[in-house]
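Let me begin by presenting the structure, written as structure tokens, before commenting on it.
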Amino acid sequence: MIIKSLEQLNSLSKKIGDKLEESDCIFLIGEIGVGKTTFTRFLINNLQKKEGTKTTDVLSPTFNLLYEYDLKNYKIMHYDLYRLKEEKELNNLGIFKENQKAIKIIEWPNFIKISKFEKLEIHLDYAKNENNRNLRLMGTGKWKNFE
Ligand SMILES: Nc1ncnc2c1ncn2[C@@H]1O[C@H](COP(=O)(O)OP(=O)(O)OP(=O)(O)O)[C@@H](O)[C@H]1O
Ligand SMILES: [Mg+2]
């Protein structure tokens, strides 16, 4: 689908947020500056609004690799793995090791090879108009036919 504005991206993030449950996983795939963090910010702020807590800043975890958000009933872990150089470093992060109930949102998930688990992939591409984006959803498990 074509995303023609930030408002439209925000509505999509709401729709996805309504189906999100603890321990779900979202991969955000696309070039630098295409809108992965912007989508994540909308998603987290909408989830905060939905549960009636204050919205917080949602900054890019470019240098920290991870920012965590504590919502009432679950945690959200927002990763940006752009700086990872090799697969080994992934293991140190333990993204999928911990059995914790957390929603995981991952920008630049290139090193993550496990293909069996359930996830929603959001592919973002630049379009001709500078404020438009082509967006594709590819889901497995409960996300399979989500659109
Ligand atoms: N339709 C749109 N969807 C998403 N972002 C848009 C759109 N139109 C304009 N933008 C702008 O594009 C920029 C996207 O930046 P953002 O930090 O979200 O990208 P990113 O994919 O996370 O980059 P990085 O790979 O560096 O983490 C923002 O400044 C946002 O306002
Ligand atoms: Mg980003």
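Every number here is computed from the coordinates shown, using simple stated rules; none is lab data. Keep in mind that this is a model prediction, so the values were computed, not measured. FYI the Cβ positions are ideal-geometry reconstructions off the backbone, even for glycines, and counts take in every protein chain you see.
Could you list, in sequence order, all residues of segment 60-83 that are farther than 15 Å from LEU28 by Cβ and within 13 Å of ligand 1 (Cβ to nearest atom)?
Within segment 60-83, PHE63, ASN64, ARG83 meet the criteria.
With the requirement that a residue be within 15 Å of ligand 2 (Cβ to nearest atom), closer than 20 Å to GLU118 by Cα and surrounded by fewer than 19 Cβ atoms within 10 Å (Cβ to Cβ), what does segment 26-85 give you?
Hit for segment 26-85 is ILE29, nothing else.
So if I check each of LYS104, LYS113, LYS72, which one is assigned to a loop (DSSP other than H, G, I, E, B), in contact (Cβ under 8 Å) with a residue 12 or more places away in the chain and within 22 Å of LEU59 (Cβ to Cβ)? Can you show your working first?
On the way: LYS104 fails: assigned to a loop (DSSP other than H, G, I, E, B); LYS113 fails: within 22 Å of LEU59 (Cβ to Cβ).
Among LYS104, LYS113, LYS72, only LYS72 is assigned to a loop (DSSP other than H, G, I, E, B), in contact (Cβ under 8 Å) with a residue 12 or more places away in the chain and within 22 Å of LEU59 (Cβ to Cβ).
Need pairs with beta-carbon distance below 9 Å; first residue closer than 13 Å to THR40 by Cα and within segment 5-25, second within 16 Å of ligand 2 (Cβ to nearest atom) and among the small types (Gly, Ala, Ser); sequence gap 6+ or separate chains.
Partner pairs satisfying both residue conditions: LEU6/GLY35; LEU9/GLY35.
Can you pull out every residue in segment 29-57 that is β-branched (Val, Ile, Thr), within 10 Å of ligand 1 (Cβ to nearest atom) and either assigned to a helix (DSSP H, G or I) or within 12 Å of the chain's Cα centre (by Cα) (or both)?
ILE29, THR37, THR38, THR40
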